[in-house]
Amino acid sequence: MGDALFHGGGPQKELGVTLTKTGMACAMCHPFASDVHPHQFPKFQEQMSEVAGLREMINWCIEKPNEGVKIGIDSEAMIALEAYIMWSHKGTVIDPGTH
Ligand code: HEC
């Protein structure tokens with residue numbers, strides 16, 4: 001489900017979420033979910049001027065670049081997106097200092 005949501009599909013209606021109003025999918029800006037550095041969160045995010053967790057960052061992307069409606073922090077859609085990102089990231093070589 002997270003894979004489908006990340007690529008702009010998935011049961012958004014059934015889950016009651018609007019991830020975008022512009023037609024953008026996460027994957028259009030982040031072709032590889034594995035590249036969004038999920039291991040770095042929580043971290044200070046300049047755009048938010050605060051320390052954000054991964055789920056807050058996902059919501060920032062839904063609200064700002066995606067112009068969607070932010071989703072519940074513990075919602076099924078959020079957990080699915082997080083699970084997909086973490087699953088994609090598995091095995092990625094972490095290169096300290098580059099990101
Ligand atoms: C229109 C382009 C765009 C779309 C679509 C988009 N993002 Fe992002 N995303 C960004 C930008 C810009 C950043 C900020 C990069 C930074 O400064 O760290 C970002 C950062 C992130 C980060 C943190 C990456 C890091 O290295 O700190 C995550 C996680 C993320 N996005 C997830 C998502 C998810 C999930 C979706 C779909 C719901 C999504 N994004 C949709 C542009 C986009």
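The value of relative contact order for the chain, using C-alpha pairs under 8 Å at least six residues apart, is 36 percent. Selection among His89, Phe41, Ser75 by position relative to the dipole of the stretch 40-94 gives His89 as farthest towards the positive end (Cβ unit charges, Cα centre).
Per-residue packing, averaged as other Cβ atoms within 10 Å, sorts the ranges 39-47, 65-73 into the order 65-73, 39-47, beginning with the highest.
About the centre of its Cα atoms, the chain shows a dipole size close to 120 debye [charges on the beta carbon of Lys, Arg (+1) and Asp, Glu (-1) only; nearest 20 debye]. The sum of -39500 (n - 2.57) across all DSSP H runs of n ≥ 4, divided by the residue count of the chain, sets its helix-only mean residue ellipticity at 222 nm to -9500 deg cm²/dmol.
Averaging 1/r over every pair of different alpha carbons in the chain and inverting the result gives a Kirkwood radius of 13.7 Å.
Any read-out appearing in this document is the output of simple, stated calculations on the displayed coordinates, not a laboratory observation. Since the structure is predicted, the reported quantities are computational estimates derived from the model, not experimental observations. All Cβ positions, glycine included, derive from the backbone under ideal geometry; neighbour counts span all protein chains shown.
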